[in-house]
Every structure is written in C-alpha cells, then in structure tokens.
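Take a look at the structure below.
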Amino acid sequence: MGADEILVGGVWRRGSGAVIESLSPLDGSVIARLHGADAGDVDDAVRAGAAAAADPAWRDLLPHERARYLARIADGIAREAEALAALQTRDTGKSINETRALVRSAEATFRYFAAALETMEGTVTPSRGPYLTMSVHEPIGVVGAITPWNSPIASDAQKVAPALAAGNAVLLKPAEWTPLVALALGRVIEESGLPAGLLSVLPGPGAVTGDAIVRHPGVGKVSFTGGTATGRAIGAAAAQKIMPVSLELGGKSPTIVFPDADMERTVAGLLFGVFSSSGQSCVAGSRLFVHASVYRQVVDELVARASALRVGPGTDPDTQVAPLVTHAHRDRVAGMVERARQEGARVLCGGRAPEGEAWAKGAYYLPTVLEGLPNGSATCQEEIFGPVLVALPFEDEDDLVAQANDTVYGLACGIWTRDHRRAWRVARRIDAGTVWINTYKQFSISTPFGGVKESGLGREKGRDGIFAYMRQKSVYWDMSEGPIPWAS
Ligand code: NAD
C-alpha cells in the first residue's frame, strides 16, 4: 500500500479519479493527498468482487469456516490497534482515548460476527403439505458500504464484518475527508488472508465514487451511514434498481431531565452525551429538555461544567473536547450558532472558537449551551454536528413528549429519573431507535442500532445484523410418492 494507492478488487493501485486531500484538524495542513476512485475503478472492483464471491474457494465455505477469516481480521486489528488509533486521531482530530475505543469496537465487531457465524441457522417451517419447507439465507453477491467521517473504523467495521460474514464481496467507500483508516483497515484485512477481490476500499467524492457504487447494476445492496439528505438521494437511486438499502442517518436527539434525577450523574451524562466527540456524533444529545422546576439549577450547573471541559489536541490523553474534523466544518458550526443568535438564542457559554496562540491554528470550537428558543426554531430542528446544545424547559409529561417527538428525526433519546415507572412510560412514548435511561451514548455490538422517521431505515448490529446482507430463499421439497393432483 503506497501513499497514493487504493484497493481495487484485490490490487493496490492509484485511483483514476480526482485528487482528494485529508487535512489536519490541528493546522489545516495536508496530511494525505491521493487519487480517489472513479466510475471505472468502481466497475473493476465490482467485477473482481463478483468473481471472488462466486469462486468456490469462498462461495462454498461453510459459515463456521468464514468465521475463521473474521477472527483473523479481529486479531490483526488488535495487533495494529495503537497505529490505527493514532492514524485516526491524525485524520479526524478525535482524542486518542476515543479513537482507541473505536478501534476496540471494530475488533469486537469482527469477533462478534465470527462467533455469530458459528451458530447461523436456517429455518424448517411448519409443513402445510407433503413437503419439507425451509427458509434459508444466502449472500447477495457484491454490496456497497458507504461511511461518514466521524467514527471511521467503527462504522467501517460495522458494515464490512457482517457483509463478509454473510458471504459477500464488499466495496467500502469512506468519506473523502478521512480515507486513511479505511485504507489501513484494508491492509489488515488483506493480511488476514481473505481471498483477493472480496474487499475493495474506494475513497473519493460521494457524488462520484459513492454514486457510482449505488447505481452500478452489479451492486445488490448498499448500506449507508451519513446525513439524511444524502440518504434520501441514495434511497431514490436505489429505488430505480429496486435495490435494498440500509440507512443510518442524522439526529437531533432529546435528552430529558425529570426533577427526581440524580443530578450529579445527570449533568455528567449530559456533558458526555453532547460534548464528547466534540458533538460530532449522530446520537449527540443536542436538545435538552429539563423540567421547569429544576431548569435553572440544571442548566447553570451544566454551563459551569461545560466551560471547564479540557479543550485541546486529540493527541493529548487529557483532552475532552478535540478540534472538529476540518476548519470548514468548524466554520459551518459557527455559522449555525450565529443563526441561533439571530433567532434570539441566549449563548450561555461558548459560542466561539477559543482565543489565544495555542488555539489559533486548530479547528477548535468551545462547548456551547444555548437557551431561549422554541422547539420549532431552526436551531432546535436541524442537526448541527458540533459541540452545541440547546436547552428547553417543559411543564408536564404530555408537553414533554409532544415537544420531544416534534422533529423529523428519531435516532436516540436520554431519560434521567429515579422513577422507574416514569422512565419506562416515557421511553415507550418517544420516537427513537435507541433510548438510554440514566446513561447515554452507550453501544453494544450485540444490541441492534438504527433510527426511525428520517433517522434511518433498517438495523445494524446484533445477530440479525448479518441478515441485512443476505437474501432469503424458501425451498419446498416434496416428499410424497403419489401423483401430482391437479394434472393427474
Ligand atoms: P454525508 O452524508 O455527507 O456523507 C456520508 C458518506 O456518503 C460519505 O462517504 C460521502 O462521500 C458519501 N456520499 C455523499 N454523497 C453521496 C451520494 N450522492 N451518493 C453516494 N454516496 C454519497 O455525511 P457526513 O457529513 O460524512 O457525516 C455526517 C452525517 O452522518 C451526520 O448527519 C450524522 O448524523 C450522520 N451519521 C449517522 C450515523 C448513524 O448511525 N445514524 C452515524 C454517524 C454519522
């Protein structure tokens, strides 16, 4: 793998597309410049992938035999863990503690699906005639995996592991801002001995490389994680081919504080839920609803502690709030806070980049708490994808549920209360794919993840995650010996 090589159908070579650059979040300098994949590269990758998937050396492997490849990939990720984490911190700016956790999550994902393959079962359905009826799952063939820049190796693994486990070839397209970790993962997977051609890593612009993957007639499924607007466009293109898609999209997740909550744990959980990853998280708890009776107390405490968070470079293990992924993204976040001001928001802390020599070059933005806006405002409705929280008071449960659900999104929700009945009741009433009660932003590979409404379609993770990359086939097998009634 050279500095300007991508993985096309088992071959490391220079991409035929335009040059893409990965910029350092610390000073904007170019840390990698490489040619992306164009439609011709995608076509080569699809052909090689289809051939590799149909080769008996892969096609005829039993699930528990495929599992060995996944376990070896997990071992490879573990061996390279520190280098992969450092690379990701360099590329995305994220704190090293967080990128180490993301690498561990990628390793766990491959181990989990390796284990799941040991127990893969088909179904013998209750017979309604003189035949044996079965439902079996088969690989799709070639599938596309398109990922965003915010947690690269974890979201890459979340798609590549179940797609390979299911017996497919995979075209992985990382975000153009952060191609490096996906390419390094490609090298680790290659070193596991996986047959060549089963994995391609194709960085490039979404509108070129991503679009070519989605529209290619040889690609039978696309699993996408990214923004809702992109997901909508991919869904529309997929409809033309009648191709299944999985969509993990954006969010504007409500976090709810009731008066009886354990306030110390609650405020810590609120800070983590929105300001970790510098808010660049699909599940960021960015809309805070606090019961009016404790609103001032909670918000004042939150502001005091948000102002004291340690802002710094991702390479410093003490950093809590690292720079944003690029200067352009930081400026976009700053623009959305300006719009909040124009909408009438009060900025209780942050609302700007930190000042001083140490911060001058990095894509930093201070943890920001806003209040004074109605839930219908643009600031409360649109995903900001930065360290920005907007606080709103609520009066009673019905008022709360109405406000929390008044959004196009439905990804996640946090509930802080000591009343277990209330927690359960509210959890069931909120439109969200995931609800955290007295915790936030916890993930497990064994628990399905995904959104409702415009936050997505389909679920990843969990044992059933493999089926997202398979086709179901029913088999009727006649066991009788008599004549076929209709024709006899
Ligand atoms: P994005 O939608 O701009 O890009 C995501 C990926 O799609 C990139 O690889 C991009 O190159 C590609 N792409 C762009 N246009 C395309 C097209 N027309 N056809 C095919 N591919 C195309 O999103 P982003 O800015 O990289 O990521 C941030 C967004 O991702 C946020 O909205 C965030 O909420 C969301 N996200 C969701 C989850 C989840 O699991 N629900 C997780 C992480 C991020």
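The values are calculated or read from the model by the stated rules, or taken from the named source; none is laboratory data. If you're wondering where the values come from, they're calculated on a predicted model, not measured in any experiment. Don't worry about glycine lacking a Cβ; one is built from the backbone with ideal geometry, like all the others, and counts go over all protein chains shown.
Quick notes
- Verdict on T230 being in a helix (DSSP H, G or I), under 29 Å from T407 (Cβ atoms), near the ligand (Cβ under 10 Å from one of its atoms) and in the same structural domain as A163 (by TED's automatic domain parsing): yes
- Residues located in segment 467-488, provided they are under 19 Å from I140 (Cβ atoms) and either in a loop (DSSP other than H, G, I, E, B) or over 16 Å from the mean Cα position of the chain (by Cα) (or both): F467, Y469, M470, R471, Q472, K473, S474, V475
- Looking across segment 214-227, the residues that are within 8 Å of the ligand (Cβ to nearest atom) and surrounded by fewer than 24 Cβ atoms within 10 Å (Cβ to Cβ) come down to G226, G227.
- Residues (surrounded by fewer than 20 Cβ atoms within 10 Å (Cβ to Cβ) and assigned to a loop (DSSP other than H, G, I, E, B)) located in segment 399-419: D406, V408, R418, D419
- Filtered residues of segment 443-464 (kept if more than 13 Å from the ligand (Cβ to nearest atom) and surrounded by 12 or more Cβ atoms within 10 Å (Cβ to Cβ)): S444, I445, S446, G462, R463, D464
- Contact annotation: no residue pair with Cβ atoms under 6 Å, 6 or more positions apart or on different chains, pairs a residue in segment 276-296 that is outside the structural domain of V401 (by TED's automatic domain parsing) and under 22 Å from G376 (Cβ atoms) with a partner that is of a type outside the set (G, A, S) and within 14 Å of the ligand (Cβ to nearest atom).
- Cβ separations smaller than 6 Å between residues 6+ apart or across chains give the following pairs from segment 441-469 residues that are within 15 Å of A108 (Cα to Cα) and touching a residue at least 12 places away in the same chain (Cβ under 8 Å) to residues that are within 14 Å of the ligand (Cβ to nearest atom) and charged (D, E, K, R): I445/K461; P448/R459; P448/K461.
Each row is one residue, and each column tells you yes or no for (1) among the charged types (D, E, K, R); (2) out of contact with any helix residue (DSSP H, G or I) (no Cβ under 7 Å at 6 or more places or on another chain).
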position	(1), (2)
E5	yes, yes
G17	no, no
I20	no, yes
D27	yes, yes
D44	yes, yes
P56	no, yes
L61	no, yes
A85	no, no
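- Among the residues of segment 186-213, those that are in contact with a helix residue (DSSP H, G or I) (Cβ under 6 Å, 6 or more places away or on another chain), more than 9 Å from the ligand (Cβ to nearest atom) and either outside any helix (DSSP H, G or I) or not β-branched (V, I, T) (or both) comprise E191, S192, L194, P195, G197, L198, L199, S200, V201, L202.
- Scanning segment 167-185 for residues that are away from the ligand (no atom under 16 Å from the Cβ) and closer than 20 Å to D75 by Cα returns G167, A184.
- Any hit, segment 250-273, residues being in contact with a helix residue (DSSP H, G or I) (Cβ under 7 Å, 6 or more places away or on another chain), within 30 Å of I73 (Cβ to Cβ) and within 16 Å of the ligand (Cβ to nearest atom): yes
- Taken over segment 45-56, residues that are of a type in the set (A, V, I, L, M) and surrounded by 20 or more Cβ atoms within 10 Å (Cβ to Cβ) amount to 5.
- Test: residue in segment 37-49 that is aliphatic (A, V, I, L, M) and in contact with an Asp or Glu (Cβ under 7 Å, 6 or more places away or on another chain): no
- Contact map, segment 105-134: residues that are part of a helix (DSSP H, G or I) paired with residues that are at pLDDT below 95, Cβ distance under 8 Å, separation 6+ or inter-chain. Pairs shown: A116/R463.
- Some residue of segment 239-248 being surrounded by fewer than 16 Cβ atoms within 10 Å (Cβ to Cβ), of a type in the set (A, V, I, L, M), out of contact with any helix residue (DSSP H, G or I) (no Cβ under 9 Å at 6 or more places or on another chain) and over 21 Å from H420 (Cα atoms): yes
- All of (1) surrounded by 19 or more Cβ atoms within 10 Å (Cβ to Cβ); (2) closer than 30 Å to P323 by Cβ; (3) not basic (K, R) hold for V42 with one exception: (2).
- A161 vs. criteria away from the ligand (no atom under 14 Å from the Cβ), surrounded by fewer than 24 Cβ atoms within 10 Å (Cβ to Cβ) and small (G, A, S): no
- Among residues of segment 420-434 being without any contact (Cβ under 8 Å) to a residue 60 or more places away in the chain and within 15 Å of the ligand (Cβ to nearest atom), the one that is surrounded by the fewest Cβ atoms within 10 Å (Cβ to Cβ) is D431.
- Test set (1) touching a residue at least 60 places away in the same chain (Cβ under 8 Å); (2) under 25 Å from R305 (Cβ atoms) - Q381 fails condition number: (2)
- Those residues of segment 161-185 which are free of Cβ contacts under 8 Å to residues at least 40 places away in the same chain and assigned to a strand (DSSP E or B), in sequence order: L172
- Against the test of being modelled with pLDDT under 95, away from the ligand (no atom under 15 Å from the Cβ) and under 27 Å from Y476 (Cα atoms), the options P139, P130, P126 yield a single qualifying residue, P130.
- Scanning segment 164-200 for residues that are under 22 Å from G93 (Cβ atoms), hydrophobic (A, V, I, L, M, F, W, C) and crowded, with 24+ Cβ neighbours inside 10 Å gives L172, A175, V181, A182, L185.
- Just one of the listed residues (R13, R72) is over 24 Å from G218 (Cα atoms) and either surrounded by 17 or more Cβ atoms within 10 Å (Cβ to Cβ) or out of contact with any helix residue (DSSP H, G or I) (no Cβ under 7 Å at 6 or more places or on another chain) (or both), namely R72.
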